[in-house]
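Presented below is the structure to which this report refers.
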Amino acid sequence: MFVLPVIPFPAVNPILISIGPFAVRWYALAYIVGIIAGWFYARALIAAERLWGGPAPFTVLDFDDFIIWITLGIILGGRIGYVLFYNFPHFASHPIEILQLWNGGMSFHGGVTGCVVAIVLFALHRHISMLSLGDVTAAVAPIGLLLGRLANFINGELWGRPTDVPWAMVFPNGGPIPRHPSQLYEAALEGVVLFIVLGFLVRAGALKRPGLVTGAFALGYGVARIICELFREPDAQLGFLWGGLTMGMLLCIPLMLAGVAVLTVALTREPQAREPIAKDG
């Protein structure tokens with residue numbers, strides 16, 4: 001029924017470096033590199049006054065301080081979201097495993113919730129625009145998504161549904177049946193395509209309308225994720241839910257609705273033009 005996979009699954013060790021009990025995994029490295037790369041890209045966006053119509057509503061130094069907040073939001077939100085949305089009965093019986101992040105298990109939608117909390121709290125703390133801070137964060141987020149999905153692929157996890165397409169792969173833990181490399185689909189849509197779309201919006205002046213990039217990210221990610229969920233095998237402990245939907249699809253619905261709401265607010269307001277900061281001399 002199925003053709004043999006044309007592209008063999010690459011046997012990449014999930015552990016990049018191991019020295020005694022200390023190990024550096026590709027998954028952890030994806031988070032680290034994604035945050036650092038996003039940080040540098042965000043600094044470039046903030047410093048480019050032409051994108052804002054003048055000085056940005058916060059400084060590069062503000063965002064430097066924000067990195068700690070957003071990192072905690074991603075990790076805590078992502079882990080708590082996975083525990084609550086994907087495997088709560090198991091973790092309720094084995095609570096110590098909640099702390100074992102090295103065994104995997106992070107939820108994007110939980111991570112988004114953690115990021116929103118971090119953005120709101122930091123913006124209130126520094127008295128800066130929440131929506132503009134969210135716009136910069138959203139613009140750089142696809143970098144981390146791309147690297148995270150590539151790490152999922154290296155780990156041989158979150159594989160796709162059975163298929164007979166020529167590029168199907170047999171995953172080490174997915175049984176003998178060729179499957180969609182859905183991690184690569186997600187890396188392409190959630191990472192590359194979304195990064196290009198948001199980058200185009202930024203360069204077209206979207207940062208002058210606070211919330212526009214944030215709303216576009218929420219809506220765009222939801223569309224990309226739902227498309228990819230059509231090829232991705234649902235989590236074994238959950239399976240298919242109502243009407244053949246998956247948990248990933250269901251969680252995208254409120255995200256997309258929130259994206260539409262923020263987009264509506266951003267588009268109904270006039271673009272902001274900021275006066276240059278006066279210099280002595």
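Solvent-accessible area assigned to carbon and sulfur over region 141-281 amounts to 70 percent, based on a 1.4 Å probe.
Extension gain for THR59-VAL33 works out to 7.1 nm (0.36 nm per residue, less the C-alpha to C-alpha distance). Simple rule: put +1 on each Lys or Arg Cβ and -1 on each Asp or Glu Cβ in the chain, find the dipole, and look at VAL213, LEU29, VAL223; the Cα lying farthest toward the positive end is VAL213.
For region 49-196, report the accessible area per residue in Å² (1.4 Å probe, heavy atoms, rounded to an integer).
Numbers: 6580 Å² over 148 residues.
Each residue of region 49-196 exposes 44 Å² on average to a 1.4 Å probe.
Under the rule of -39500 (n - 2.57) per DSSP H run of 4 or more residues, summed and divided by the residues of the chain, what mean residue ellipticity at 222 nm is obtained, to the nearest 500 deg cm²/dmol? If you can, show how the numbers build up before the last one.
Working: 10 runs with 158 residues, N = 281.
Rounded to the nearest 500, the figure is -18500 deg cm²/dmol.
Farthest towards the positive end of the charge dipole of region 1-139, among the residues PHE91, PHE63, ALA11, is the Cα of ALA11, using unit charges on the Cβ of Lys, Arg, Asp and Glu.
The C-alpha atoms of the chain occupy a region whose extents along the principal axes are 73, 43, 36 Å, arranged from largest to smallest. For region 117-178, the share of alpha carbon pairs falling in successive 10 Å distance bins from zero is 19, 28, 20, 17, 14, 2 percent. When +1 charges are put on Lys and Arg Cβ atoms and -1 charges on Asp and Glu Cβ atoms, the dipole computed for the chain relative to its Cα centre reaches about 280 debye.
Counting Lys and Arg as +1 and Asp and Glu as -1, each charge on the Cβ, what is the dipole of region 87-241 about the Cα centre in debye, to the nearest 20? Write out the running numbers ahead of the final one.
Numbers: 9 positive and 9 negative charges, 113 e Å.
Approximately 540 debye in magnitude.
Protein-only accessible surface at a 1.4 angstrom probe places the residues ILE75, ILE80 in the order ILE80, ILE75, largest first.
Against the empirical curve 2.2 N^0.38 Å, the C-alpha radius of gyration of region 167-281 lands at a ratio of 1.46.
In the chain, a dipole from Cβ-located charges (positive for Lys and Arg, negative for Asp and Glu) runs towards its positive end, and of PRO271, LEU124, SER107 it is PRO271 whose Cα lies farthest in that direction. In order along region 225-241, the Karplus-derived 3J(HN,Hα) couplings, from 6.51 cos²θ - 1.76 cosθ + 1.60 at θ = phi - 60°, round to 5, 5, 4, 5, 5, 5, 10, 8, 6, x, 4, 4, 6, 10, x, 7, 10 Hz, and Gly and Pro are given as x.
For ILE253 and ILE19, a Förster radius of 45 Å and the Cβ-Cβ distance give a FRET efficiency of 0.50, rounded to the nearest 0.05.
Please list the equivalent ellipsoid semi-axes of region 166-233, computed as the square roots of five times the alpha-carbon gyration tensor eigenvalues, in descending order and whole angstrom. Let's see the in-between values first.
Numbers: eigenvalues 217, 22, 10 Å².
Semi-axis lengths for region 166-233 are 33, 11, 7 Å.
Distance between the C-alpha centres of region 55-100 and region 106-154: 10 Å, rounded to the whole angstrom.
The values are calculated or read from the model by the stated rules, or taken from the named source; none is laboratory data. Given the structure is predicted, the values throughout are model-derived calculations rather than measurements. No Cβ is skipped: glycine too gets one built from the backbone with ideal geometry, and neighbour counts run over all protein chains shown. Please note that ligands, DNA and RNA were not included when accessible areas were found on the heavy atoms of the full protein model with its side chains. Shrake-Rupley method; radii C 1.70, N 1.55, O 1.52, S 1.80 Å.
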